Amino acid sequence: MEAVLEPFKQAYATGLAQPVAEFLSPIPPGRDPGRLYDFYRASNDDKIEGEVRYALKANRKTRMSNKEAEAWIDLIVGYWRAVKQIILADEAANQGRLGDRQYLAVYDTWKDLTSSFIKHISGGSLPPWAIFTLYFTANHFRRIAIKADEYLARAKPATSVNSFSDDIVVPQTARSEKLEEAARVFNRVFALCLGDRNPDMSESRKWGVYCIANLQFKTYFKLKAISLSKNVVKSIAAQSDLPPFHLYPRAHRVTYRYYTGVLAFLQEDYAQAEKDLQEAWDSCYARSQKNKSLILTYLIPCRLITQHAIPSATLLAEAPGLARLIGPLVSCIKKGDLTGFDNALAEGEPAFVKRRIFLTLERSRDIALRNLLRKVYLAAGYDELKEGQTDKDRIRKSRIPLINFATALRMGLSGEGSGQVVEDDEVECLLANQIYKGLMKGYISREHAMVVLNKKGAFPGTRI
Amino acid sequence: MSSNAPTAKHDKANVADSKTTEQPLSQDKKPAALEEDDEFEDFPVEDWTEEETQIPNGNAHLWEESWDDDDTNEDFAVQLRAELKKLGK
């Protein structure tokens, strides 16, 4: 036992949360795949507590108070019990007989470990950094809970749950019992951070607020109970004495901004969403490809709406998967190709719906239309130069027959068997809408069947 | 909270979760693979520098600035001009 606890003592001596969290991990390190097994084999149910106590207390090298030592003993014993279940589950899996019951034992022991952690931190037995060790333990708990729910779902096949119901909510809730339980544990951890009254900020658990909030977001999103995330955001906003946001580590900030950005996005508050997502994008760790791609999944539709901005090839190249998904749509917007846009939108619909960006992307059809109308304006060319004027003075024709727009729309829409017929009234309606939305500046003169565009900035933000 | 050794280890944890390794805890060789996960991943490190947020070609030109207006030979523009010419007659 002495030998297997040596890594703990070394980790503890660093005074850092992460090394201790690594010791308490349910996954063996790559360089020592047998570590969990060795740790489990070093003791047994009857002896574990006494042995850990002896090893920790006999060795005064660690210099911790008695109260703290007792807390760590409790945690290490709890960890040993969890490891035992992990090993048993592993052995069962190797023999092909791992069932839900065995995995639930892993879940239960890990839950006990997490709860003990909360108890000792709130009891003031552990050093301030332990809150971050708890974060790692809780994050493992989240993953274990997800897996436990999967085993449960397999043990109770969905057919027996909903054979007479087409309400997909039923099996969904039935399958996430453990993760819901975990969510309640995370609430306690969050309260433990947010409500810390220690006036010494350097020792405050308030530094854990955002990483625990992120854990809750991930859990709520997985549970499809996204709206619960808003409570977390509100609690944080209402807490006036948190350290300044920019002092938190980037991992906490970027993740937090990603989730608040997505929440704002889902509430169609695109201005706020853009602000948060842009902040997440700007500070994101360059090598975290998947996270960058996720940020862009929402930032791109957002900016299409707020700025009518189209991502460049450079930007899309940062997220190849996303580029495959929305690249065709983006290029149709750029070209003003309405039929292509409709096809690309229909093609990508299942994927867009899954990511909850379908409705927003659908709205970007306005930009595709704007770009098409803009081409009509460009095709009309320039007014003839008056005497004394040079090419530099030339002005684009600002009075354009309605029929020109109708022609372009018919070419863009009715072609290629889209089966769409564009009525004249509809053309006027589309144009009026564009003017109303500020995408095009000017007015329709029905008497003359003309569109009169502003001489300056007929299509704002598009350089003409 | 951040040093390099732990980082490598933490990576490992993520890998294990996506079940691509053969190490012992991945008991799910067969099970109905997690539907592709769209979860925001844990970063491999806690904090990083400004430089480490930069993508290779810098953060400029991420949004389309060109309008290809000079490209009057683009198919649609050509067709459109032809159609409009017909109207003029």
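Quick look at the numbers
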read-out	value
Residue, surrounded by the fewest Cβ atoms within 10 Å (Cβ to Cβ), within region A:259-283, restricted to residues that are small (Gly, Ala, Ser) and under 13 Å from A:Leu304 (Cα atoms)	A:Ala271
Residues located in region A:208-242, provided they are over 17 Å from the mean Cα position of the chain (by Cα) and in contact (Cβ under 8 Å) with a residue 12 or more places away in the chain	A:Gly208, A:Val209, A:Ser235, A:Ile236, A:Gln239, A:Asp241, A:Leu242
Those helices (runs of 4 or more DSSP H) lying entirely in region A:279-374 with at least 3 residues touching a helix residue (DSSP H, G or I) at 6+ places or on another chain (Cβ under 7 Å)	A:289-306, A:320-335, A:338-354, A:358-363
Scan of region A:341-363 for residues that are within 14 Å of chain B (Cβ to nearest Cβ) and closer than 21 Å to A:Ile226 by Cα, ordered by number	A:Pro350, A:Ala351, A:Phe352, A:Val353, A:Lys354, A:Arg355, A:Arg356, A:Ile357
Members of region A:8-25 that are of a type in the set (Ser, Thr, Tyr) and over 14 Å from A:Thr137 (Cβ atoms)	A:Tyr12, A:Thr14
Of all residues making up region A:78-112, the number that are more than 14 Å from chain B (Cβ to nearest Cβ) and touching a residue at least 40 places away in the same chain (Cβ under 8 Å)	3
Filter result for the condition that a residue is open to solvent by 10 Å² or more (accessible area, probe 1.4 Å) and in contact with a Phe, Trp or Tyr (Cβ under 9 Å, 6 or more places away or on another chain), over A:Arg250, A:Arg205, A:Arg184	A:Arg250
Residue under evaluation A:Val209, criteria (1) closer than 25 Å to B:Glu50 by Cβ; (2) within 11 Å of chain B (Cβ to nearest Cβ), criterion not met	(2)
From the options A:Pro28, A:Pro33, residue that is assigned by TED's automatic domain parsing to the domain that holds A:Ser125 and either touching a residue at least 40 places away in the same chain (Cβ under 8 Å) or open to solvent by less than 20 Å² (accessible area, probe 1.4 Å) (or both)	A:Pro28
Residue count, region A:114-137 (criterion: open to solvent by less than 40 Å² (accessible area, probe 1.4 Å), in a helix (DSSP H, G or I) and out of contact with any Lys or Arg (no Cβ under 8 Å at 6 or more places or on another chain))	12
Positions within region A:288-313 being more than 23 Å from A:Glu362 (Cβ to Cβ), touching a Phe, Trp or Tyr at 6+ places or on another chain (Cβ under 9 Å) and open to solvent by 10 Å² or more (accessible area, probe 1.4 Å), in sequence order	A:Ser288, A:Lys290
Some residue of region B:66-86 being part of a helix (DSSP H, G or I), under 29 Å from the mean Cα position of the chain (by Cα) and either at the interface with another protein chain (Cβ under 9 Å from one of its Cβ atoms) or at pLDDT below 75 (or both)	no
Residue in region A:441-454 that is open to solvent by 70 Å² or more (accessible area, probe 1.4 Å), more than 24 Å from B:Glu64 (Cα to Cα), of a type outside the set (Gly, Ala, Ser) and at pLDDT below 90 present	no
Near pairs, Cβ below 7 angstrom, 6+ apart or cross-chain, from region A:266-283 (farther than 18 Å from A:Ala319 by Cβ) to any residue that is surrounded by fewer than 19 Cβ atoms within 10 Å (Cβ to Cβ)	A:Leu266/A:Ile226; A:Leu266/A:Arg356; A:Tyr270/A:Thr306; A:Ala271/A:Thr306
Residue in region A:1-18 that is in contact with a Pro (Cβ under 7 Å, 6 or more places away or on another chain), crowded, with 19+ Cβ neighbours inside 10 Å and not aromatic (Phe, Trp, Tyr) present	yes
Residues of region A:382-428 that turn out to be modelled with pLDDT of 85 or more and small (Gly, Ala, Ser), as a count	3
Qualifying positions in region A:1-37 - more than 10 Å from every other protein chain (Cβ to nearest Cβ), in a loop (DSSP other than H, G, I, E, B) and closer than 12 Å to A:Val83 by Cα	A:Leu24
Filter result for the condition that a residue is in contact (Cβ under 8 Å) with a residue 12 or more places away in the chain, of a type outside the set (Val, Ile, Thr) and away from chain B (no Cβ under 14 Å), over A:Arg374, A:Arg394, A:Arg410	A:Arg394
Which numbered condition A:Ala191 fails, given (1) small (Gly, Ala, Ser); (2) within 21 Å of the chain's Cα centre (by Cα); (3) in the same structural domain as A:Trp110 (by TED's automatic domain parsing)	(2)
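The values are calculated or read from the model by the stated rules, or taken from the named source; none is laboratory data. Everything numeric in this text was worked out from a predicted model, so none of it was measured. Backbone-built Cβ (ideal geometry, glycine too); neighbour counts: all protein chains shown. These area figures cover heavy atoms from the full protein model, side chains too; ligands, DNA and RNA do not enter into them. Shrake-Rupley method; radii C 1.70, N 1.55, O 1.52, S 1.80 Å.
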